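Everything on this sheet refers to the single structure shown next.
The values are calculated or read from the model by the stated rules, or taken from the named source; none is laboratory data. The model shown is predicted, which means the values in this text are computed figures rather than measured ones. Here the Cβ positions follow ideal geometry from the backbone for every residue, glycine too, while neighbour counts run over all protein chains shown. Ligands, DNA and RNA are stripped out before the accessible areas are found, and what is left, the full protein with its side chains, is counted by its heavy atoms. Shrake-Rupley method; radii C 1.70, N 1.55, O 1.52, S 1.80 Å.
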Amino acid sequence: MGAAFNGQTVAFDNPFGMYIKSFTKDVFLFEGDSIPSEWVRWSRGSEGMFQHLEFGPSDSDEAFLDDITVVVGSQEKPVTGGFQVVRQIEVGPLVVAGKPTPVADDEYVVLTASSESIDCQQAAVCETIRNLKEEFDNALQMVRVAPRKMGFREKS
């Protein structure tokens, strides 16, 4: 948001909660055209503060949810699950920001990348990285079967 860096006080708005901030319905098509607006039904809240979204044709409609397609890049794919719908929803809290105030030079630190190597006797993160690398190596380890390794073909 950048508000804090501009010297603005930032806080959660009242009422505190998680709200649906946006829904990209334009990626959904029915018979090659935009879905009807009545196929997006909001509830539990008010404009800008809804917490519930019902998506798709109503029970009285002759269409079904699997008649809807979603545009992904240059492809049009049938809706086969809720994840395709949920990924088009942005959720978050309501936030308010105060007026900007000057930010003094001693109120922030600009971090830069270091070219120095990590001293693993001083940094606890090294043990975590070692463990992750070991897990990775173990997951990729070739399985020995008879005289050959899986995925490896000897020359005849």
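Over the chain, average the accessible area per residue using a 1.4 Å probe and give it in Å², no decimals.
82 Å²
Match the structure shown to one of the listed values [x] 8, 19, 15, 19, 23, 13, 4, 0; [y] 10, 39, 39, 11, 1; [z] 9, 31, 24, 16, 8, 5, 4, 2, 0 of P(r) over Cα pairs in 10 Å bins from 0, in percent, computed from it, and give that label.
Among [x] 8, 19, 15, 19, 23, 13, 4, 0; [y] 10, 39, 39, 11, 1; [z] 9, 31, 24, 16, 8, 5, 4, 2, 0, the one derived from this structure is [x].
Taking the Cα centre of the chain as origin, sum charge times position over the Cβ atoms of Lys and Arg (+1) and Asp and Glu (-1), and report the length of that vector in debye to the nearest 20.
880 debye
Most fluctuating residue of R130, R87, R44 in a GNM of the chain with Cα springs under 10 Å: which is it?
Answer for the Gaussian network model of the chain: R130.
Take each of the peptides 45-51, 132-138, average the number of other beta-carbon atoms within 10 Å over its residues, and list them starting from the highest.
The most tightly packed comes first, giving 45-51, 132-138.
Quick check: with the 1.4 Å probe, what order do I129, I20, I68, I89 take by accessible area, largest first?
My answer, sorted largest first, is I129, I89, I20, I68.
Going by amide H atoms built from the backbone, whose H comes under 5 Å of the H on D13, apart from near neighbours?
Hits under the 5 Å cutoff: L94, V95, V96.
Just name one of G56, S22, A124: the one whose Cα is farthest towards the positive end of the charge dipole of the chain (beta-carbon charges, Lys/Arg +1, Asp/Glu -1).
The listed residue farthest towards the positive side: A124.
Using the per-residue mean of other Cβ atoms lying within 10 Å as a proxy for protection, in what order, highest first, do the peptides 75-83, 101-109, 23-31, 5-13 fall? Write out the running numbers ahead of the final one.
Working: 75-83: 10.9, 101-109: 8.7, 23-31: 14.8, 5-13: 12.8.
Result, highest mean Cβ count within 10 Å first: 23-31, 5-13, 75-83, 101-109.
On the full set of protein chains, 1.4 Å probe, figure out the accessible area of C120 and give it in Å² to the nearest 10.
Estimated to the nearest 10 Å², C120 gives 60 Å².
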